[in-house]
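One structure is given below, encoded as structure tokens.
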Protein chains: 2
Amino acid sequence: MRIGLDAMGGDKAPESTIAGAIAAVKKYGYHVTLIGRESQIRTILQKFKYPVQKIDVVDASEIIEMHEPAALSVRKKRDSSIVRGMELLKEGVFDAFVSAGNTGAVVCAATLSLRLLPGVDRPGIAVILPTLDKPCMVIDVGANIDPKPLHLLQYGIMGDAYSKHILSKKNPTVGLLNIGEESTKGTDFTKETHMMLSESKLNFIGNIEPKEVYEGGADVVLCDGFVGNVLLKVTEGFADAASKLLRRELKRSNIVTKIGAFLTLPAFNVMKKKIDAAEYGGAPLMGVDGSVIIAHGASDEKAIKNAVRAAAENVEHKVNAHVVEELQSY
Amino acid sequence: MRIGLDAMGGDKAPESTIAGAIAAVKKYGYHVTLIGRESQIRTILQKFKYPVQKIDVVDASEIIEMHEPAALSVRKKRDSSIVRGMELLKEGVFDAFVSAGNTGAVVCAATLSLRLLPGVDRPGIAVILPTLDKPCMVIDVGANIDPKPLHLLQYGIMGDAYSKHILSKKNPTVGLLNIGEESTKGTDFTKETHMMLSESKLNFIGNIEPKEVYEGGADVVLCDGFVGNVLLKVTEGFADAASKLLRRELKRSNIVTKIGAFLTLPAFNVMKKKIDAAEYGGAPLMGVDGSVIIAHGASDEKAIKNAVRAAAENVEHKVNAHVVEELQSY
């Protein structure tokens, strides 16, 4: 398995990306190609012990920064780690590409270099969230912020294929994220999408309210990329804030409470692992003709390692072949 | 202080609404008028001991159910607790009206009966969220799901007035909820709104990303009602799911962990209180010419009591007079 990794992408790059690559190589035995500023990467690599034949470096002199406009920077920075990585994936130099860099630029470069799968009009970013019940795939969480109902139908078909073939779910349920249960609720967009999904062959169970997502109300939850991004990032922000609040309260507490906190740690850690985004690896970019994984911008070593693993699983499970098959049956 | 309460509104009504009204009467000494099916209400009231002169009942034979279409039901069910309550507020029978019923119907009935404040084109529902730092007002969370940029500017002015005069904040910061920091990020709607807010006299600090809301990134966060509702309800759903997960883990744990959990309870309770929506009372419906508080559909006795208190505070603080003053200065 050969994975390409954007060494320069993410808030903690290139240190965290390189450390994550080495961790993935050691744990899973993959071959990783690091794309980015070669001399900088090699300097960092020297600090580690690792099987040298398992990691190589491709020089890319430019970096697309997090705040840069996506389309423009992809057009101008042809020697950026994102654009070069995508081209190398297209050429078959590796089997999948991972980036924690500028999400818009990754989506744009993937669309331009790899093109879309037949039957897909717009790519979508999917995340797999833990819920009380079973994992739930939310699509789209930021690639397509002004979609047409048809795009959500296509996301539904892709989510259905992923859930069946990769998450081994039988007849996965598909819900439309909406602020009310009834088909008459929501915007013109959600009403039209509801109608289109109802007429499809998907196991569409209607609207899913935001509070039901983490209860495991549907296997696949569809939404526009703006709303999906809010869903994802609000959860993260809230979880962070709540855990900081708790730590602050515990600091103020007496020794008895502190001992108690220490004793409950194992249970906490099990729960934290369930909620921890880093454990779940990166988000697959669905609909492009290639395996691309978008990692969180704040990815640390562990998150990068898991994103690399997610990329390999995507290839092993032949996600795109299943998606194309499913799309063709519609 | 005289508060009107929709006795029939909410998932746990009328039991929880009546119990909440009695709790508010006992704790704060307000006068509460219960609106709803009189015989049913009186039967429940008999179970309680309370100062009888402090509670009266106005009969309303109809109920607008949670799933009914808002505008249509308000037009047809003239003798519903929501429509009757709003008319009595308009007539000055009480100073503020509280409902945990069909939100759309409350917004619609309020707009029709009370009319809007001068300078307001659409009402907005505001919630005050706890954050790591200071409380944050998010507006709109569900009244206006397809707003114009001008509506968000008006929400900004109302939120500014509320933060200054009721939350005692000096020069409150106003942010636009968006999925990126830069003014060029987001949809056409957020870009236009960003421009309009930049040109206003508000202390506009630009886009606020979803993860910054609970960090206390802005005193007032503006968004369309669809996105605001997702923000609010996803947080609730996640908090519920996380606490259920934790309890499940603790059940599985050994006696040491269980003792630990018991010892940490006081710190938890402080934190839970901070996050617990019920403590924060209801959400003010901003922009209508009257004091209307929307309580959570799942309100229990305590949440109703707090919503009644929030309604009284709204009146005491002369929220609408301040809002009108602020609107006129623009």
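Among the residues of the range B:258-268, not one is more than 7 Å from chain A (Cβ to nearest Cβ) and either of a type in the set (Ser, Thr, Tyr) or surrounded by 23 or more Cβ atoms within 10 Å (Cβ to Cβ) (or both). Of all positions in the range A:86-97, none carries a residue that is among the basic types (Lys, Arg) and closer than 30 Å to residue A:211 by Cβ. In this entry, residue B:256 is excluded by the filter for residues that are under 22 Å from residue B:160 (Cα atoms) and modelled with pLDDT of 75 or more. Would you confirm whether any residue within the range A:106-114 is over 21 Å from residue A:299 (Cα atoms), of a type outside the set (S, T, N, Q), in contact (Cβ under 8 Å) with a residue 12 or more places away in the chain and not in a helix (DSSP H, G or I)? Checked the range A:106-114: no residue is over 21 Å from residue A:299 (Cα atoms), of a type outside the set (S, T, N, Q), in contact (Cβ under 8 Å) with a residue 12 or more places away in the chain and not in a helix (DSSP H, G or I). Filtered by the rule that a residue be part of a helix (DSSP H, G or I), among the hydrophobic types (A, V, I, L, M, F, W, C) and at pLDDT 95 or above, the range B:277-309 gives B:304, B:307, B:308. Of all residues in the range A:53-70, those satisfying the criterion of being of a type in the set (Asp, Glu) and more than 19 Å from residue B:185 (Cβ to Cβ) are A:56, A:59, A:62.
Take the conditions among the aliphatic types (A, V, I, L, M) and within 14 Å of chain B (Cβ to nearest Cβ) and apply them to residue A:307. Does it pass? No. Could you tell me how many of the residues in the range A:240-252 are under 23 Å from residue B:253 (Cα atoms) and more than 7 Å from chain B (Cβ to nearest Cβ)? The total comes to 2. Residue B:243 meets the conditions (1) surrounded by fewer than 17 Cβ atoms within 10 Å (Cβ to Cβ); (2) in contact (Cβ under 8 Å) with a residue 60 or more places away in the chain in every case but one. The failed one is (2). Within the range B:165-194, the set of residues being over 30 Å from residue B:315 (Cβ atoms), polar (S, T, N, Q) and modelled with pLDDT of 90 or more comprises B:178, B:187, B:190, B:193. Checked against (1) away from chain A (no Cβ under 14 Å); (2) crowded, with 20+ Cβ neighbours inside 10 Å; (3) under 27 Å from residue B:76 (Cβ atoms), residue B:105 passes all but condition (1). Just one of the numbered conditions (1) more than 7 Å from every other protein chain (Cβ to nearest Cβ); (2) of a type in the set (Val, Ile, Thr); (3) surrounded by 20 or more Cβ atoms within 10 Å (Cβ to Cβ) is not true of residue B:255: (3).
The condition (being surrounded by fewer than 19 Cβ atoms within 10 Å (Cβ to Cβ) and closer than 21 Å to residue B:311 by Cα) is satisfied by just one residue among B:89, B:116, B:72: B:116.
The values are calculated or read from the model by the stated rules, or taken from the named source; none is laboratory data. Keep in mind the model is a prediction, meaning the values are calculated, not measured. Positions of Cβ are generated from backbone atoms using ideal geometry, with glycine treated the same way; all protein chains shown enter the neighbour counts.
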